[in-house]
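Remarks on the structure that follows.
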Protein chains: 2
Amino acid sequence: MATNFTFRATPQPTIKRIPAYLAILKELELAGQITVSTTDIADRLALNPIQVRKDLSITGITGRPKIGYITTELIAGIYNFLGWHNTKDAVLVGAGALGSALLGYKGFAGYGLRITATFDSSKKLIGKTIHGRVVAPINELEDFIRQSAIRIGIITVPAEAAQDIAYQCVRAGIRGIWNFSPVKLAVPHQVVVQNEDLSSGLALLSVKISEKLSADSR
Amino acid sequence: MATNFTFRATPQPTIKRIPAYLAILKELELAGQITVSTTDIADRLALNPIQVRKDLSITGITGRPKIGYITTELIAGIYNFLGWHNTKDAVLVGAGALGSALLGYKGFAGYGLRITATFDSSKKLIGKTIHGRVVAPINELEDFIRQSAIRIGIITVPAEAAQDIAYQCVRAGIRGIWNFSPVKLAVPHQVVVQNEDLSSGLALLSVKISEKLSADSR
DNA sequence: TTATTATCGATAAGAAATTATCTATTAACT
DNA sequence: AGTTAATAGATAATTTCTTATCGATAATAA
């Protein structure tokens with residue numbers, strides 16, 4: 001029996017805005033605010049309240065007219081939507097400057113992410129402790145992923161090594177790669193890749209500045 | 001005399017893709033490839049060739065049927081569009097883990113960005129040399145920006161300090177802020193802010209993984 | 001009690017971005 | 001020389017995302 005139900009994925013722009021809502025909501029919760037309206041959230045983030053309402057609707061949490069949403073309910077709804085309510089383990093490959101920075105970042109706990117092991121190829125780094133984790137040699141990577149059934153890999157190695165690391169991760173059963181290298185990784189269809197790319201942010205800043213300057217002189 | 005010319009800003013998605021094109025093109029140039037087609041670029045980045053063509057049209061560089069574009073011309077066109085052909089100086093505020101990682105990142109030279117000074121409030125860090133730059137105390141920030149006429153500020157301080165640093169930057173004449181703190185900064189209209197937000201990338205990865213898993217089981 | 005107002009949630013309209021279609025061009029092949 | 005195939009570039013169609021409109025609801029004020 002065919003249904004006429006068409007599955008519609010959540011829009012990417014919506015997903016990207018969700019963590020900002022979460023941050024605001026946690027802040028308000030901490031400040032003791034029981035309820036919150038989309039008008040309020042929108043003001044704080046300089047967004048359109050209608051957009052906020054539509055975005056938040058993907059959590060399934062409903063609000064009440066003249067009141068808004070229950071802050072804690074909305075927070076729980078967002079955690080649930082993002083899957084951040086239960087912690088997921090990840091491996092980090094590449095303990096250079098950026099890798100160390102990520103290892104030192106406390107905020108991941110709030111995102112349901114725990115980096116349980118770190119790998120690098122450099123003799124200088126192997127065995128060293130960085131933010132409480134001992135750096136292991138790359139050749140132990142695949143076995144570790146298999147044994148610990150880890151599903152997320154964070155790649156912070158230089159461009160030339162990235163694809164090889166990605167292959168290793170995929171072979172060992174990784175399902176998602178958070179890729180900080182400036183390389184488009186080839187992976188099979190069942191693996192998702194999220195590219196984190198400084199250069200596109202800087203491009204946007206560069207163009208915004210020059211557009212702003214030329215707009216001012218018009 | 002009024003003209004009927006309507007200024008249309010380049011779409012943000014286009015701007016974000018441009019650096020990826022640049023990276024590919026540089027690689028091809030290095031490999032000695034004189035000309036390049038959008039079909040080729042699109043293949044390598046898993047994009048639609050029509051989109052690539054439209055994106056690249058903002059550079060003003062034209063191609064030839066059956067041939068494509070001259071690689072070097074396109075590279076020059078992109079540098080020109082992004083304003084990366086002449087180097088811009090920037091200050092970095094916050095020499096913690098993330099700040100150090102950015103200081104150590106060699107790639108900025110290729111993006112026309114040079115971090116000329118670093119500031120921090122921590123006594124432990126002031127005076128220390130990180131990747132060749134001596135960390136200066138925050139109270140010297142404004143004077144330095146004014147004297148050196150720097151226009152770009154990179155903020156890598158913790159959330160609670162970010163807004164204050166932004167105010168200082170703005171007072172001293174900064175025109176663009178690259179904001180790595182998880183805070184929505186309040187700035188006057190003439191200043192542009194580019195937020196670099198790990199959490200939205202991770203949100204996207206989280207949702208992609210769970211959508212992929214549930215799609216597989218459908 | 002009744003009126004007013006803030007808000008939600010649904011649907012519609014509008015804007016922006018992507019993708020398709022079509023024509024022209026030109027290199028390579030026959 | 002003529003034909004074919006690959007590609008650019010323009011315009012049109014489509015899809016996606018954002019914003020507006022409108023009715024319903026419930027708290028607050030009159």
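Assorted remarks:
- Pairs of lysine residues in segment A:62-218 - Cα separation under 26 Å, sequence separation of 8 or more or cross-chain: 6
- Crossing angle, helix A:159-172 versus chain A [Cα axis fit, 0-90 degrees, rounded to tens]: 90 degrees
- Across peptide B:88-97, the mean count of Cβ atoms from other chains lying within 10 Å of each residue's own Cβ comes to 2.
- Convex hull volume per residue for the protein assembly as shown, taking Cα atoms only, in Å³: 209 Å³
- Cα gyration tensor category, rounded, prolate or oblate, for segment B:59-218 with a/c compared to 1.5: oblate
- The mean number of partner chain beta-carbon atoms within 10 angstrom of a residue's beta-carbon across peptide B:17-30 is 3.
- Averaged over residues, the count of other Cβ atoms within 10 Å places the peptides A:178-184, B:24-30 in the sequence A:178-184, B:24-30, highest first.
- Charge dipole magnitude, Cβ of K and R +1, D and E -1 - chain A, Cα centre, debye nearest 20: 260 debye
- Residue among B:203, B:166, B:20 with the largest mean-square fluctuation in a Gaussian network model of chain B, springs linking Cα atoms under 10 Å: B:203
- Gaussian network model of chain B, Cα within-10 Å springs - most flexible of B:131, B:189, B:85: B:189
- Label distances, nm, residue B:188 versus same residue in remaining copies, Cβ-directed 7 Å point: 5.8
- Taking amide H atoms as placed 1.01 Å from N in the peptide plane, the amide H of residue A:154 lies under 5 Å from those of A:91, A:92, A:93, A:178, each 5 or more residues away in sequence or on another chain.
- Here the Karplus curve 6.51 cos²θ - 1.76 cosθ + 1.60, taken at θ = phi - 60°, turns the phi angles of segment A:15-24 into couplings of 4, 5, 7, 3, x, 5, 4, 4, 4, 4 Hz, with x standing for Gly and Pro.
- Rg(Cα)/(2.2 N^0.38 Å) for segment A:133-218, N = residue count: 1.50
- Close amide-amide hydrogen proximity is noted between residue B:112 and no other residue 5 or more places distant or on a separate chain, at a cut-off under 5 Å (H modeled in the peptide plane; Pro and chain starts excluded).
- Sparse-neighbour loop sites [chymotrypsin sites (Phe, Trp or Tyr not before Pro); segment B:51-94; at most 15 other C-beta within 10 Å; DSSP]: none
- Calculated over segment B:123-183: convex hull of Cα atoms, volume per residue (Å³): 95 Å³
- If both residues of a DSSP beta bridge must be in chain A, then about 20% of such bridges are antiparallel.
- Between the C-alpha center of segment A:92-140 and that of segment B:87-147 there is a gap of 24 Å.
- On the rotation that sends chain B to chain A, the chain B Cβ lying closest to the axis gives residue and distance in whole Å as B:101, 2.
- Inter-copy spacing of residue B:73 label points, which lie 7 Å from Cα along Cα→Cβ, given in nm from shortest upward: 6.2
- Using the alpha-carbon positions of segment A:18-110, Rg (one decimal) and Dmax (whole number) come out as 15.7, 51 Å.
- Averaged over A:179-190, number of beta-carbon atoms from partner chains that fall within 10 Å: 2
- Rounded to the nearest 20 debye, the dipole magnitude of segment B:137-181 is 260 debye, with +1 charges on Lys and Arg beta carbons, -1 on Asp and Glu beta carbons, and the Cα centre as origin.
- Of B:83, A:137, B:121, farthest towards positive along the dipole that unit charges on Lys, Arg, Asp, Glu beta carbons give the protein assembly as shown: B:83
- Take residue A:134, move 7 Å from Cα toward the beta carbon, and the resulting point lies 4.0 nm from the same point in each other copy, nearest first.
- Axis of helix B:198-216 versus longest Cα principal axis of chain B: the two differ by about 40°, to the nearest ten degrees.
All of the numbers you see were taken from the coordinates with simple rules; none came from a lab. Worth saying up front: this structure is predicted, and the values here are computed from it rather than measured. Quick reminder, even Gly has a Cβ in these numbers, built from the backbone with ideal geometry, and neighbours come from all protein chains shown.
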